[in-house]
């Protein structure tokens, strides 16, 4: 069964963190963290609708300028989520440039920034037509761990301790819809954009008699939603993708992570230091490979992808990975 969500790290384990999550058969993607994104093509960057910044240290936020440069002059709206201070961080980036030419752009571009704090969520919009001056009508809402909800998926967050607030993130697919190729052949139907229309209708729980039009070489056929979905679709549990980076190993952080990401299908987790350097990791509020492995086992993660290694191990990447997976296996045995 082919997954609908395709996550991949933009960079290698010693480079800046950024997780690009592409939607299969859709011109859309999400981005977890915003380090250097030069390895992403312009085509991929333009698929991004939402960016979730764990915290605004340079290696997690330096890619904002490239994103901004590519989006300028396009009829797009970019959503940015981040911890306390992210509105000011984005405003500072935008105020570093002169915007006297933006009124000549054919298309407007806007950025909606949402700041996630324990006492609530605050949003602010920056528009190119206003030279990116922040709008005064900020909106606020109560804090919720679910920060984005769409019919097909939701994004959840935990505010963790990195000496500053740092976001752990989890993308949860509502459920997975698989189209049976043999059923398509039996009905003499050809794949096309109508499949995405069908899936969205299922996700949105539209009435069972909603007509789904299917173009063909000779004529367009029409099926009721419920009848068609029963013939060609199977529904199963959706994917759960978790992303954890830049945190101190503490009971408080671990409890929040368990609530956020237990039983995830894919876990992207920092493995900054070897266990022999755990005192350095603690001082810098990072995880060791051994600690990352333990956390992954506690979550019962089905697949673990380590990243964000300290440059001091540039010639020992295999050792870092081995230590993490050894701790993962060891912890699973004793749980």
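Taking only DSSP H segments of four or more residues, each worth -39500 (n - 2.57), what value at 222 nm results for the chain once the sum is divided by all its residues, to the nearest 500 deg cm²/dmol?
-8000 deg cm²/dmol
Given axes a ≥ b ≥ c from the Cα gyration tensor, I'd like to know whether the range 176-236 is rounded (a/c under 1.5), prolate (a/b larger than b/c) or oblate.
Details: a/c = 1.77, a/b = 1.24, b/c = 1.43.
Taking the square roots of the gyration eigenvalues as a ≥ b ≥ c, the range 176-236 is oblate.
Note down the nm distance, to one decimal, between modelled labels 7 Å out along Cα→Cβ at residue 302 and at residue 25.
So the label points at residue 302 and residue 25 sit 1.9 nm apart.
Cut-off is 10 Å between beta-carbons; in what order do 159, 10 appear when sorted fewest neighbours first?
159, 10
Could you rank the peptides 258-267, 69-78, 178-187 by their average count of other C-beta atoms within 10 Å per residue, with the highest value first?
258-267, 69-78, 178-187
Considering only the chain, what is the antiparallel percent among its DSSP beta bridges, to the nearest 5?
65
What is the fewest-to-most order of 49, 227 by other Cβ atoms lying within 10 Å of their Cβ?
By the 10 Å Cβ count, ascending: 227, 49.
Among 16, 277, 329, which comes first, then next, by fewest other beta-carbon atoms within 10 Å?
329, 277, 16
Over the range 176-236, what relative contact order in percent results from Cα pairs under 8 Å that are six or more residues apart?
Values: 62 pairs, mean separation 27.5, N = 61.
Answer for the range 176-236 is 45 percent.
What number, in percent, do you get for the relative contact order of the chain if the mean sequence gap of Cα pairs under 8 Å and at least 6 apart is divided by its residue count? Show your work: numbers first, answer last.
Numbers: 684 pairs, mean separation 39.2, N = 335.
Relative contact order, the chain: 12 percent.
When DSSP beta bridges are limited to those with both residues in the range 176-276, what percentage is antiparallel, rounded to the nearest 5?
Percent antiparallel among DSSP bridges in the range 176-276 is about 65.
Could you tell me, in Å, what Rg and Dmax come out for the Cα atoms of the range 254-335?
For the range 254-335, the Cα-based Rg and Dmax read 12.0, 35 Å.
Can you grab the distance from the C-alpha centre of the range 228-249 to the C-alpha centre of the range 111-126, Å, no decimals?
The range 228-249 and the range 111-126 have Cα centres separated by 26 Å.
Read the figures in this text as sums done on the coordinates, not as results from a lab. The structure presented is a predicted model; accordingly, all values stated were derived computationally and were not measured. Neighbour counts are summed over all protein chains in view; Cβ atoms, including those assigned to glycine, are modelled from backbone coordinates with ideal geometry.
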